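Scroll down for the structure; my scribbles are underneath it.
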Protein chains: 2
Amino acid sequence: MKTDKDDIQTCGYTIIHEDVVNDVREKMLADETIISLAEFFKVFGDPTRLNILYALSISEMCVCDLAALLSMSQSAISHQLKVLRQARLIKYRREGKVIYYSLDDDHIRQVFAQGLAHVNE
Amino acid sequence: MKTDKDDIQTCGYTIIHEDVVNDVREKMLADETIISLAEFFKVFGDPTRLNILYALSISEMCVCDLAALLSMSQSAISHQLKVLRQARLIKYRREGKVIYYSLDDDHIRQVFAQGLAHVNE
DNA sequence: CAATCATATGAATATATGTTCATATGTTAT
DNA sequence: ATAACATATGAACATATATTCATATGATTG
């Protein structure tokens, strides 16, 4: 016959430290928050996007320049710029046919720097 | 006939601002660095791993507790813990059959906090 | 308005990745 | 040793994602 302890098992395994789990459960972040956070970091999790962000942290640039700089197709760059735009990490201004992209705010530089600090340690 | 400017094109499109591109090119990070950085951020780019990291920032926990807390299989948690271990974001200690996981250092909390600040703004 | 240039985008493809399932490993207790 | 438990892991599968290709859009110039 099942005991009370068995009833709180969730994954087919008995919870070993029920008090800890209950305590932590109360403090966990909302699913929505976690998902937003994951999406935010995911944007930084690609070499092409990091290169673009780093380049734009030095100077604003147009799509064609970025493509040349990174030796990639205009289309590939454009697709990634869309991702960065949707994540509100970059902004742009139009000047005739040319569109100049730049970082949305200095906040991005800080995230970048913090990541670099970890990688270089 | 082609001009000199056409020769420096890389992606089939002419570089518009050669001076800017050359300047930025000198300052770009090494490929290796960018790849490490992308891998670092990629680890944060998954809701399950974020939940685990956040839970461990509150208290050390064993695999079974984490599985119960997140209503996920022991296997799924274990696989993700492996990713977090390889990224050196968590450490563990053994006590009999139970293995307790915890954050590797406070640095992780800072990255987490910075991401949260961006998401909540 | 026709041609050209800079950029954007949809579809297709190849690769990466998260979870499940089954099973293995390592530890403890009987 | 054997059983039971906590965790780890390899293979399979389903989904996500980065790039390419072809083409569309929007702006300028002749």
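The values are calculated or read from the model by the stated rules, or taken from the named source; none is laboratory data. This is a predicted model, so every value here is computed, not measured. Every residue, glycine as well, gets a Cβ built from its backbone with ideal geometry; the counts of neighbours run over all protein chains shown. To get the accessible areas, we keep the full protein, side chains included, count just its heavy atoms, and leave off ligands, DNA and RNA. Shrake-Rupley method; radii C 1.70, N 1.55, O 1.52, S 1.80 Å.
Points worth noting:
- For residue B:117, inter-copy separations between label points set 7 Å beyond Cα along the Cβ vector come to 1.0 nm, shortest first.
- Within the shell of other residues whose beta carbon sits under 13 angstrom from the beta carbon of residue A:103, the net charge comes to +2, with Lys and Arg scored +1 and Asp and Glu -1.
- Shielding of peptide B:105-116 by partners, expressed as the average count of other chain Cβ atoms within 10 Å per residue Cβ, is 3.
- Buried surface for the A/B pair, taken as the accessible area of each chain alone minus that of the pair with a 1.4 Å probe, is close to 5400 Å² in total.
- For residue B:91, the distances from its label point to the matching points in the remaining copies are 4.3 nm, ordered from shortest, with each point set 7 Å beyond Cα toward Cβ.
- Calculated label separations, residue B:57, copies of the chain, 7 Å along the beta-carbon direction, nm: 2.0
- All aspartates and glutamates inside 12 Å of residue B:42 as judged from Cα atoms, apart from same-chain residues fewer than 8 positions distant: A:39, A:46
- Rolling a 1.4 angstrom probe over the protein heavy atoms with all chains in place gives the protein assembly as shown an accessible area of 54 Å² per residue.
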